[in-house]
Each structure stands twice: as C-alpha cells, then as structure tokens.
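Read through the structure below, which is laid out as structure tokens, and then see the notes.
The values are calculated or read from the model by the stated rules, or taken from the named source; none is laboratory data. Since the structure is predicted, the reported quantities are computational estimates derived from the model, not experimental observations. Counting neighbours? That spans all protein chains shown, and the Cβs are built from the backbone with ideal geometry, glycine included.
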Amino acid sequence: MSTVIEPTHARSRPEDGPVQRILLEGVPWARYEQLSDCFPDSRALRLTYIDGSLEIMSPVGPTHENWKITICYLLEAYLDVKGIRFYGRGGFTLKETGRAGGEPDASYCIGTDKPEPDLVVEVVDTSDALSKLPLYGALGIPEVWLWRREQLEIYVLDKLDAQSDLGYRLSDRSGLLPELDVELLAAHVRMPDQYDAVRAFRQAIAP
C-alpha cells in the first residue's frame with residue numbers, strides 16, 4: 001500500500017486553516033467500510049474510495065461550506081420560482097459495493113423522490129482531488145455539478161459517449177434543467193453577500 005500526503009492551498013480565507021490530503025493506494029473495500037463506520041456523518045473528514053484508492057481530506061472549512069450553501073440556495077430558488085418539484089437528499093454516503101464510495105456535498109431528486117439522487121453538487125477544493133465521477137456514473141446519477149476555481153462545471157451522463165469519464169460529458173447547460181442560465185447562476189454564486197445573491201437571482205429569473 002502506498003501513501004501520498006499533500007497539503008493543499010485552495011482556501012481563500014485564513015479561518016479555513018490548512019487542508020490535508022492523504023491518498024492511500026491498494027486499499028481493500030472492507031478497510032474503507034471500516035473507516036467509514038468510524039466517522040459517520042463527519043463534515044470535518046471526507047473519505048472517497050475509487051477502485052482501491054482511498055482519499056482522506058480534512059478539514060472542510062467555512063469557505064467550502066459557504067460555496068456549497070450558496071449554490072444550493074440558488075438552485076432551490078430556481079426550482080421554486082419555476083415551480084419544479086424537488087427533494088433535497090443532503091450529503092449522505094453513496095456506494096457501489098466493492099468498488100466506490102463517497103459523500104457528495106449535496107444532492108437532489110427532481111420531479112419525484114427516488115432512492116438515488118438525480119443531481120449531485122460538489123465543491124472541489126483542490127485540483128488533485130480524487131474524482132468521484134466514476135462513483136456517480138456507476139450509480140447512474142444523471143447530472144453532477146462541480147464548483148471548481150469559482151466556475152460551475154456541468155457534467156451530464158451520456159453512456160453513448162465512450163470518450164467521456166464513465167459516460168459523463170462536460171456541458172454548457174443542464175440536462176435536467178435545460179432552461180437554466182448556468183452562467184447567470186454562477187455569477188450570483190460569486191457575489192460576496194449570500195442573502196443579496198439569492199434575492200438578486202430570484203429577481204433575475206422571475207416571470
């Protein structure tokens with residue numbers, strides 16, 4: 001088993017503190033499950049397991065949480081204004097037994113409640129973070145939103161595209177919400193005040 005320990009420098013606020021990333025290779029699935037059971041619902045320690053690679057990230061600071069909450073507030077504002085039924089599923093652990101496991105920052109079912117979410121939201125703090133797309137693709141989750149470098153990346157599941165990462169293709173629009181102006185939403189995520197951002201976004205998308 002090999003280990004890589006790397007400090008990252010993706011935080012923009014001093015109160016976030018240093019971010020530690022540990023990557024273990026050749027980890028059995030049973031070991032991942034044991035560690036997951038030791039840290040249930042922990043927001044300070046994030047475990048991601050993909051095909052024998054186990055990534056441990058700590059801590060999740062205020063900047064990460066602020067990005068996540070702002071994106072969720074704006075998404076929920078859009079769904080509410082447009083009259084689209086949705087169900088927040090939160091950040092519970094998703095697993096494909098024996099192969100992959102991880103915890104999204106947030107997730108939603110669109111239209112009807114389902115065992116697996118339709119949409120996953122992830123805030124990526126560092127460029128070398130282990131990609132969870134293989135996990136989400138294996139579970140058949142239709143869409144993944146990644147907030148990375150203050151940009152919103154939309155990944156739409158398309159199993160016909162053999163060149164993409166387990167069927168995901170980077171798209172300039174949402175497959176679930178095709179009328180959503182992605183750039184408009186991203187611009188409001190970047191606003192410094194969360195309350196003002198949500199109010200301004202609601203006004204911008206109002207009928």
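Residue count for the range 81-118 satisfying the condition of being among the aliphatic types (A, V, I, L, M) and without any contact (Cβ under 8 Å) to a residue 40 or more places away in the chain: 1. Considered as a group, the residues in the range 9-30 that are modelled with pLDDT of 90 or more and assigned to a helix (DSSP H, G or I) include one that is nearest to residue 148 (Cα to Cα), and that residue is 29. Scanning the range 95-118 for residues that are of a type in the set (A, V, I, L, M, F, W, C) and in contact with a Pro (Cβ under 7 Å, 6 or more places away or on another chain), we see that the one that is farthest from residue 46 (Cα to Cα) is 109. Going by the structure shown, is residue 51 in contact (Cβ under 8 Å) with a residue 40 or more places away in the chain, of a type in the set (Asp, Glu) and out of contact with any helix residue (DSSP H, G or I) (no Cβ under 6 Å at 6 or more places or on another chain)? For residue 51, the condition - in contact (Cβ under 8 Å) with a residue 40 or more places away in the chain, of a type in the set (Asp, Glu) and out of contact with any helix residue (DSSP H, G or I) (no Cβ under 6 Å at 6 or more places or on another chain) - is met. Quick one: in the range 155-170, which of the residues that are in a strand (DSSP E or B) and of a type in the set (Ser, Thr, Tyr) is modelled with the lowest pLDDT? Looking at the filtered set, the residue picked out is 168. Does the range 31-40 include one or more residues that are surrounded by 19 or more Cβ atoms within 10 Å (Cβ to Cβ), under 21 Å from residue 150 (Cα atoms) and either modelled with pLDDT of 90 or more or aromatic (Phe, Trp, Tyr) (or both)? No, the range 31-40 contains no residue that is surrounded by 19 or more Cβ atoms within 10 Å (Cβ to Cβ), under 21 Å from residue 150 (Cα atoms) and either modelled with pLDDT of 90 or more or aromatic (Phe, Trp, Tyr) (or both). Within the range 94-113, no residue satisfies the criterion of being under 19 Å from residue 36 (Cα atoms) and of a type in the set (Phe, Trp, Tyr).
Output the residue which, of all residues in the range 65-101 that are touching an Asp or Glu at 6+ places or on another chain (Cβ under 7 Å) and of a type in the set (D, E, K, R), is nearest to residue 177 (Cα to Cα). Across the range 65-101, the extreme among qualifying residues is 68. If a residue has to be crowded, with 18+ Cβ neighbours inside 10 Å, out of contact with any helix residue (DSSP H, G or I) (no Cβ under 6 Å at 6 or more places or on another chain) and over 13 Å from residue 55 (Cβ atoms) to count, how many in the range 123-138 make the cut? Of the residues in that region, 3 qualify.
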